[in-house]
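The values are calculated or read from the model by the stated rules, or taken from the named source; none is laboratory data. These numbers come from a predicted model, not from an experiment. Using ideal geometry, Cβ is built from the backbone for each residue, glycine included, and neighbour counts are taken over all protein chains shown.
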Amino acid sequence: MKFAALVAIVPEEQEAKAIDIAKQTGAGGVTILDARGIAAQEKRTFLGLTYEGSQSVLLFVLERKLSLQVMKALADELKLKEHAKGVVFTVPLEHLAGIDTGQIERFEERIKDDL
């Protein structure tokens, strides 16, 4: 079975919505990291201070086919192509240890259903 890491970097206020979308699409657990970001064009705010937006980095380990479905759902539902207020991407995983066996069983069931 092939796995991928799906990484979604979204504004902090969209964190809960992004997690809900991913779970509804079939994702299980998620690791959440707090982050700050500066866009290519720095935004100037009051008194000339640069605004650094608070962001959430969501990390999912998913079966490769499912990772693409979750990525597309996040991009569509959060309108990432229109608003450019986040990014989502996958990275193939070659070696993996410590994944919940229940998650592997759910992946296997999905594969059987697809056959």
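Observations, loosely collected:
- In segment 69-77, the count of residues that are surrounded by 13 or more Cβ atoms within 10 Å (Cβ to Cβ), under 15 Å from V7 (Cα atoms), under 12 Å from the mean Cα position of the chain (by Cα) and not hydrophobic (A, V, I, L, M, F, W, C) is one or more.
- Filter result for E82 (farther than 21 Å from P11 by Cα, part of a helix (DSSP H, G or I) and out of contact with any Gly (no Cβ under 7 Å at 6 or more places or on another chain)): no
- Residue in segment 88-100 that is farthest from R36 (Cα to Cα), counting only those that are surrounded by fewer than 15 Cβ atoms within 10 Å (Cβ to Cβ) and touching a helix residue (DSSP H, G or I) at 6+ places or on another chain (Cβ under 8 Å): P92
- Given (1) assigned to a helix (DSSP H, G or I); (2) within 18 Å of G28 (Cα to Cα), number of the condition D76 does not satisfy: (2)
- On inspection, E13 qualifies as among the acidic types (D, E), modelled with pLDDT under 95 and part of a helix (DSSP H, G or I).
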